[in-house]
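**Q** Below is a structure I'd like to ask you about.
The values are calculated or read from the model by the stated rules, or taken from the named source; none is laboratory data. Just so you know, these numbers come straight off a predicted model, no measurement behind them. Glycine gets a Cβ as well: all are built from the backbone with ideal geometry, and neighbour counts include every protein chain shown.
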Amino acid sequence: MHDRSARTRRTFLGTLGRGTLGLAAFVCATACGGEHDEAAAQHAGHGGGGAGRCALCGMRVTRGNAFASGATEASGNAVLFDSVKCMFRWLGQHADARDPWTTEHLSRTERPARDQLYVMGTDIDGPMGADLVPVDTREHAEQIRTGHHGTLVLAFGEVTSDVLDELFRM
Ligand SMILES: [Zn+2]
């Protein structure tokens with residue numbers, strides 16, 4: 001009888017603990033959307049900062065790294081991606097997203113994704129394996145393709161779901 005009530009009490013506390021965590025997560029989700037300084041400090045890098053998590057696969061992203069990419073959700077929230085293929089796949093699922101960007105491979109600068117060319121099939125692996133290498137000019141794209149055993153140079157609009165399926169398989 002005594003044991004049973006102790007167990008009931010533990011269960012109750014366990015439920016309370018989960019409830020409290022859930023509430024904290026809710027408060028965070030609400031606060032983090034605003035301009036609150038404390039929330040911004042605690043979550044530096046969440047969205048538009050220097051680091052964060054890939055919105056597609058959850059892997060860590062550091063801006064300035066090769067293959068780091070991003071976009072802006074319809075709500076205005078900035079999202080990051082650890083790999084170019086994660087960005088393209090996510091864009092395919094979020095037609096209302098805007099301003100996608102990728103990191104130009106040779107200069108490691110962030111450029112509008114639609115202005116870049118993407119070299120496929122190279123021996124330059126991204127954090128998720130086979131990936132597209134973003135470059136700014138046709139000349140640079142050909143240099144990467146020939147120097148790194150690439151197969152194709154694709155424009156932004158040529159990165160179809162079939163291309164992505166192949167990249168995620170490799
Ligand atoms: Zn990813």
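**Q** Report yes if some residue within the stretch 93-109 is of a type in the set (A, V, I, L, M, F, W, C), away from the ligand (no atom under 16 Å from the Cβ) and over 24 Å from Glu73 (Cβ atoms); otherwise report no.
**A** Yes, the stretch 93-109 contains a residue that is of a type in the set (A, V, I, L, M, F, W, C), away from the ligand (no atom under 16 Å from the Cβ) and over 24 Å from Glu73 (Cβ atoms).
**Q** Right, here's the next one. Give all pairs with beta carbons closer than 8 Å in which a residue from the stretch 60-80 that is closer than 10 Å to Pro100 by Cα and in the same structural domain as Met128 (by TED's automatic domain parsing) meets a residue that is of a type in the set (Lys, Arg) and outside any strand (DSSP E or B); count only pairs at least 6 apart in sequence or on separate chains.
**A** As it stands, the answer is Gly70/Arg63; Leu80/Arg63, since those pairs meet every condition given.
**Q** Do you know which of the residues in the stretch 45-60 that are part of a strand (DSSP E or B) and over 14 Å from Trp90 (Cβ atoms) is modelled with the lowest pLDDT?
**A** Top of the filtered list is Ala51.
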